Structure formats: C-alpha cells, structure tokens
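Notes follow the structure.
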Amino acid sequence: MTCDLGLQPGFCLGPLPVRFYGIIIVVGALVGGFIASREARRRGENPDRIWDALVYVVLAGIIGARLYHVLSTPAGCAEGVPMCGWPWYKDHPLDALLIWNGGLGIFGAVFAGGLVVLVYVRRNKLSLGRYLDIAAPALIMGQAIGRWANFINQELYGPPTDLPWGIPIDEKHRYGAYDPAIYPVDQTVFHPVFLYESVLNVLGFIVLVLGARRWKWLKEGDLILLYMIWYGVVRILVESLRPDAWTVMEGLATAQLVSLVLVVIGVVWLFIRHRPRAAQA
C-alpha cells in the first residue's frame, strides 16, 4: 500500500498520509480548548468540562463543516469537476466521506459545534450564556489559527495584486479565472485573503478578551453576540475578495448572507438586552 498525499502538503508515516492542513486544524482546536479552559477557571467553572465537551464539539464541527462544503456550489464548479461542491457529490455521494479531499466550510462547523454545546450544557444543567461566552474568544482564535491551513494548501486567496504582501500561487492551485497564460506564475502574486481573516480574527480575540474583563456593562451571554457581530463583519469584508465564493445571487456570496444574518441577530439581541427600561411610576 502506497501513501498518497494528493495535492496537499504533508508527510507519510508508512502508508498513512499526514497532511499539514489537518495538523493545523488540530492545533487550532487544542489552542481553543486551552483558552476556553482558562476562561472557564477564571469564571469559576470546572475547566475539565471544556475538555470533556471538546471531543464532541470537534467531531460535530468536522461533520458540519463537511456537510456545508458538500451542499455548496463554489464559483467555477460544474458537472464533472471532482470534489467541487454539490454538482459532484450529488452523483458521487460516497466521496463526501473523504474529508481529506475537497473542502470544509467554517459556518457548518460553527453551527454544528454550537448545537453540541447547547445539548451539553442543557444535559449538565449549566448556564448556556456563560459557556457560550467562555467559548467565544476560544472559537475566534481557533479560526485565526485554522486559516493558516488554507495557506498551506494555497487556498483562500483573492485577485492579483501589486501589494508587497501578495503571495504566489502554483499553477495547479490556480482558480480558472487566473489562467497562468495570462497571469504568469513567476510574475503574479495574489491577495492573501486567509491572512486578512486570520489577522482580523486575532484582533477580534483581543477585543473579546479585553471586553470580558473591562466592560462592566456586559451581561452573561453578550460576549457570544459580540463574536457574531465581529466575525460576521469580517466575513462580509473578506468574502468580497474571493473569486471562488459560493454565491446565492449576483454579487452576494452565501457566506456574506449568513454573516449578515449573524450581524443583525447580534446587534438586535444586544439592543434588546440593553435597551433603556421605562421608569416605573
């Protein structure tokens, strides 16, 4: 049996392929777990509960992320293009199980993982708002780390640029819109969209951590709403640079629509929770 890494960088342990993409995702999950356990301890909760729940959250996240990818139709996907969203998987359903080929969608991971958190806290009679607040900084830092897996795989890049931080993309990883005959490999660099999101997520982590400690007006459950607003805005911005985005209508990516819903829910819910109360007579 031979070890086949495909197009993804990694190494082999005998016949077993180990991809750097997966390693980075695991590191992001572990760092997130460490951050959440520290925050749980700070809030007087048992940090062991974080590690107990993390296994289920990660497994659900992988399933949700894969399902999101399978149901998506990224730009450029058409009948017969291998592992390219719903046009492929509807005719090759077993390929959906090959999570190391194709892709994952972060919103699917967030929603599926969030559902597991909901079940876990209800079953253990814990405070949902408190545990979502514990998870918020950990989640956004895990996402910041996870985006570097896209760098390793030469994914999540934008249009050509002259900016000094542009990144080269190999011919085999080019989107169809960027034909090497028109955009020579040795002369063209692209917007590192993964980097933009990663940096903005780190800034979001700082905001959430400082906010949790300094903003006395925050109520239990507010921090996850701030996460929804911050990350929603980030995705609306960076998604506009992605030529491979799955669109629901001309000029609007599906991720932007989902992000807009998150932002609206976060803003409205915060307003309702903090709206001035009418003075009693």
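Output the residue which, of all residues in region 170-208 that are modelled with pLDDT under 90 and among the β-branched types (V, I, T), is surrounded by the fewest Cβ atoms within 10 Å (Cβ to Cβ).
In the first step, residues of region 170-208 are kept if they are modelled with pLDDT under 90; the result is 170-187.
Checking which are among the β-branched types (V, I, T) leaves us with 182, 185.
Working: I182: 9, V185: 13.
If we take residues in region 170-208 being modelled with pLDDT under 90 and among the β-branched types (V, I, T), then I182 is surrounded by the fewest Cβ atoms within 10 Å (Cβ to Cβ).
If you go through region 242-262, how many residues are among the β-branched types (V, I, T), touching a helix residue (DSSP H, G or I) at 6+ places or on another chain (Cβ under 7 Å) and surrounded by fewer than 19 Cβ atoms within 10 Å (Cβ to Cβ)?
At the first step, the residues of region 242-262 found to be among the β-branched types (V, I, T) are 247-248, 254, 258, 261.
Those left that are additionally touching a helix residue (DSSP H, G or I) at 6+ places or on another chain (Cβ under 7 Å): 247-248, 258.
Among the residues that remain, those that are also surrounded by fewer than 19 Cβ atoms within 10 Å (Cβ to Cβ) are: 247-248.
Residues meeting the conditions: 2.
Filter region 1-54 down to residues that are under 17 Å from L98 (Cα atoms) and part of a helix (DSSP H, G or I), then give me how many there are.
So the count comes out to 5.
Based on this model, can you work out whether L270 counts as modelled with pLDDT of 95 or more and surrounded by 21 or more Cβ atoms within 10 Å (Cβ to Cβ)?
Working: modelled with pLDDT of 95 or more: yes; surrounded by 21 or more Cβ atoms within 10 Å (Cβ to Cβ): no.
It is false that L270 is modelled with pLDDT of 95 or more and surrounded by 21 or more Cβ atoms within 10 Å (Cβ to Cβ).
Let's see how each residue does on (1) in a helix (DSSP H, G or I); (2) not aromatic (F, W, Y):
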position	(1), (2)
W230	yes, no
V234	yes, yes
V248	no, yes
L257	yes, yes
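For the subset of region 209-228 comprising residues that are without any contact (Cβ under 8 Å) to a residue 40 or more places away in the chain and assigned to a helix (DSSP H, G or I), which member is farthest from R43 (Cα to Cα)?
From region 209-228, those without any contact (Cβ under 8 Å) to a residue 40 or more places away in the chain are 210-211, 213-216, 218, 228; that's our starting set.
Adding the requirement that they be assigned to a helix (DSSP H, G or I) leaves 210-211, 213-214, 228.
Working: L210: 14, G211: 14, R213: 11, R214: 14, M228: 21 Å.
Going through the qualifying residues, I end up with M228.
When you go through G158, G105, G142 one by one, which is the residue that is small (G, A, S), in contact with a Gly (Cβ under 9 Å, 6 or more places away or on another chain) and at pLDDT below 95? Give the derivation first.
Working: G158 fails: in contact with a Gly (Cβ under 9 Å, 6 or more places away or on another chain); G142 fails: at pLDDT below 95.
Step by step, each of G158, G105, G142 is checked, and only G105 is small (G, A, S), in contact with a Gly (Cβ under 9 Å, 6 or more places away or on another chain) and at pLDDT below 95.
For W86, all conditions in the list (1) surrounded by 15 or more Cβ atoms within 10 Å (Cβ to Cβ); (2) at pLDDT 95 or above hold save one; what is the number of the exception?
(2)
The values are calculated or read from the model by the stated rules, or taken from the named source; none is laboratory data. Since the model is a prediction, treat every value here as computed from it, not as a measurement. Here the Cβ is made from the backbone with ideal geometry for all residues, glycine too, and neighbour counts use every protein chain on show.
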